[in-house]
Amino acid sequence: MRARVDGLKNHLRAKDDELGRKSLEMEGLDRSLREAKAENKRLQDELDKGSEAKTEINRLKAEN
């Protein structure tokens, strides 16, 4: 009986360790996703500014 209890404790410890690793992995993925979203927003803002500048250049050309 004692061996079975020890076996179950070891199994639970292993599962707890696995959950800890998965949690760290999820935190890393979450951080990466937030960084990627921030980079996408920065690039979209840059693209929007370029589009606005192009529109202004075309408007000025049309005036001349």
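Compute the acute angle (0 to 90°) between the alpha-carbon long axis of helix 2-63 and the principal axis of greatest extent of the alpha-carbon atoms of the chain; round to the nearest 10°. Relative to the chain, helix 2-63 is tipped by roughly 0 degrees. Here, P(r) means the percent of Cα pairs in each 5 Å bin from 0 to the largest distance; for the chain it is 4, 14, 8, 10, 8, 7, 8, 6, 6, 5, 5, 4, 4, 3, 3, 2, 1, 1, 0.
For LYS22, the aspartates and glutamates whose Cα comes closer than 19 Å to its Cα, not counting residues fewer than 8 places off in the same chain, are ASP30. Look at the dipole of the range 1-63 built from charges on Cβ: of LEU12, GLY28, MET1, the Cα furthest out on the positive end belongs to MET1.
Net charge within 14 Å of ARG13 by Cβ-Cβ distance, Lys/Arg positive one each and Asp/Glu negative one each, not counting ARG13 itself?
Details: positive: LYS9, LYS15, ARG21; negative: ASP6, ASP16, ASP17, GLU18.
Surrounding charge for ARG13 is -1.
Taking the Cα centre of the chain as reference, the dipole from Cβ charges on Lys and Arg (+1) and Asp and Glu (-1) amounts to some 460 debye.
We did not get these values from a lab; they are worked out from the coordinates using the rules stated. Remember, predicted model here, so these are calculated numbers, not experimental data. Methodologically, a virtual Cβ is constructed for each residue, glycine included, from the backbone with ideal geometry; neighbour enumeration extends over all protein chains shown.
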